[in-house]
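Taking it in order: structure first as structure tokens, then the write-up.
The values are calculated or read from the model by the stated rules, or taken from the named source; none is laboratory data. Here the structure is a predicted model, which means the values were calculated and not measured. Don't worry about glycine lacking a Cβ; one is built from the backbone with ideal geometry, like all the others, and counts go over all protein chains shown. To get the accessible areas, we keep the full protein, side chains included, count just its heavy atoms, and leave off ligands, DNA and RNA. Shrake-Rupley method; radii C 1.70, N 1.55, O 1.52, S 1.80 Å.
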Amino acid sequence: MKKIALLAVGFLMAGSSAFAQTTTTTTTTGPSWGLKVGVNLPKYSFHAEDAENPETKTTTNFHVRAFVDLPVGAMFSIQPGIGLEGKGGEVGQIGDAEIKDNTMWIEVPVNLVGKIPLGATGSNIFLGAGPYAALGVSGERVTDTNNGTDTSQKIKFGDEQGGSLATGNLKSLDLGVNFMGGVRLGSGWLVGAQYGLGLNDLRPNGEGGEGKLTQRVWSFSLGYSF
């Protein structure tokens, strides 16, 4: 996972160079589609009665997304999409060893996006929000030690798994809301940030209340719309 995350950072750096060198302006008035790649900073949040909800430390992961932009007016559009999202979080520590979850999800978001034009260049600032549904497809819990003897165990998804986060099991469906913003240039390049707010309890057989486990994800993207 760490190597893949570093690869995503490499894509960001390479794309940033192309982003800076691109001068051609392309103005899109009809439907368009695009791709995004970038870095995720996920963590877990726990619901506690009569107290602030404690959160774990973040880990580093990545995402690859595709989206379709469907204009519904001069300044608004609907953006459905699909993406491979790396999530998880740092579960805890045992001595000097850090225990981290790295999970992968197929996520389908539908965002309502507003656009503020920046002059006549075709560039704009965009802000949006919308629901998402994600299906857990793979994951591992890694015990990261300082002496190089890392160990890992497979994370199991599904209500039938039983257990809890402590046993390395998670619900297979993650539901929540995304909030996004960024800048799209007339050349088609775009940079953006997103915050994913998980709403449903990820504990197998969990039904909310005390100890409810949800996902929180900051992400930063570089992309291109065609």
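From 73, 89, which residue is open to solvent by less than 20 Å² (accessible area, probe 1.4 Å) and at positive phi?
Going through 73, 89 in turn, just one is open to solvent by less than 20 Å² (accessible area, probe 1.4 Å) and at positive phi: 89.
More than 25 Å from residue 139 (Cβ to Cβ) and either at pLDDT below 90 or basic (Lys, Arg) (or both), is that true of residue 16?
Criteria met by residue 16.
Report, by residue number, each residue of segment 92-105 that is loosely packed, with under 14 Cβ neighbours inside 10 Å and among the aliphatic types (A, V, I, L, M).
If the condition is that a residue be loosely packed, with under 14 Cβ neighbours inside 10 Å and among the aliphatic types (A, V, I, L, M), then 94 is the only one that fits.
Search segment 86-132 for residues being outside any strand (DSSP E or B) and hydroxyl-bearing (Ser, Thr, Tyr), and hand back the single one that is farthest from residue 200 (Cα to Cα).
121
Starting from segment 77-89, keep only residues that are closer than 13 Å to residue 102 by Cα, then list their pairs with residues that are buried (at least 21 other Cβ atoms within 10 Å of the Cβ) and among the aromatic types (Phe, Trp, Tyr) whose Cβ atoms are within a distance under 7 Å, requiring at least 6 positions of separation or different chains.
What qualifies is 85/105; 86/62; 87/105; 89/44.
Scan segment 178-205 for residues that are open to solvent by 40 Å² or more (accessible area, probe 1.4 Å), touching a residue at least 40 places away in the same chain (Cβ under 8 Å) and closer than 30 Å to residue 226 by Cβ and jot them down.
Matches in segment 178-205: 179, 183, 185, 189, 191.
Does residue 47 satisfy the criteria of being in contact (Cβ under 8 Å) with a residue 12 or more places away in the chain and open to solvent by less than 50 Å² (accessible area, probe 1.4 Å)?
Here the answer is no, as residue 47 does not meet what is asked.
Return the pair list, or none, for Cβ contacts closer than 7 Å from residues in segment 28-40 that are of a type outside the set (A, V, I, L, M) to residues that are surrounded by fewer than 20 Cβ atoms within 10 Å (Cβ to Cβ) and in a loop (DSSP other than H, G, I, E, B), at least 6 apart or on different chains.
32/226; 33/226; 34/226
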